[in-house]
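Inspection log for the structure reproduced underneath, given as structure tokens.
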Amino acid sequence: MTCEIAVTRKGQVTIPIELRRKFRIEETSRVQIIEKNGEIVIRKCPSFFDLAGTGAGEATVEELKTELDEMREEDNDA
């Protein structure tokens, strides 16, 4: 999809509704503005909920508990 949008005096732009829906960009969503090869790219920052389940099956519950306990011990030692 290609579209032309206006930039306000404050440098703001409005992302078209079709793209907001497609990429699930909502009122509290965050986006990154990246300069890449002389172009400006807008990329949605993944939220906590977007990442949920991405590591599923990579560790057992016991491994995660052990790792969490180790991290807590490190915090207490600091």
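The values are calculated or read from the model by the stated rules, or taken from the named source; none is laboratory data. Since the model is a prediction, treat every value here as computed from it, not as a measurement. As a convention, Cβ positions derive from the backbone with ideal geometry for all residues, glycine included, and neighbour counts pool all protein chains shown.
Filter the stretch 37-49 down to residues that are in contact with a strand residue (DSSP E or B) (Cβ under 7 Å, 6 or more places away or on another chain) and surrounded by 10 or more Cβ atoms within 10 Å (Cβ to Cβ), then give me how many there are. Lay out the reasoning, then the answer.
Initial filter on the stretch 37-49 (in contact with a strand residue (DSSP E or B) (Cβ under 7 Å, 6 or more places away or on another chain)): 40-45.
Still in the running and surrounded by 10 or more Cβ atoms within 10 Å (Cβ to Cβ): 41-45.
Final tally of qualifying residues: 5.
Of all the residues that make up the stretch 1-36, how many are part of a loop (DSSP other than H, G, I, E, B), among the basic types (Lys, Arg) and out of contact with any strand residue (DSSP E or B) (no Cβ under 8 Å at 6 or more places or on another chain)?
To start, the set of residues in the stretch 1-36 that are part of a loop (DSSP other than H, G, I, E, B) comprises 1-16, 23-30.
Checking the rest, the ones that are also among the basic types (Lys, Arg) come to 9-10, 24, 30.
Checking which are out of contact with any strand residue (DSSP E or B) (no Cβ under 8 Å at 6 or more places or on another chain) leaves us with 9-10.
Selection size over the stretch 1-36: 2.
Limited to the stretch 27-49, what total is found for residues that are without any contact (Cβ under 8 Å) to a residue 12 or more places away in the chain and either in contact with a Leu (Cβ under 8 Å, 6 or more places away or on another chain) or of a type outside the set (A, V, I, L, M) (or both)?
10
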Residue pairs within 6 Å by beta carbon, gap of at least six or interchain, first lying in the stretch 8-26 and under 18 Å from ILE40 (Cβ atoms), second modelled with pLDDT of 95 or more, listed first then second, are VAL13/VAL7
Residues of the stretch 41-78 being in contact with a helix residue (DSSP H, G or I) (Cβ under 9 Å, 6 or more places away or on another chain), farther than 30 Å from VAL31 by Cβ and either among the charged types (D, E, K, R) or modelled with pLDDT under 75 (or both), which ones? none
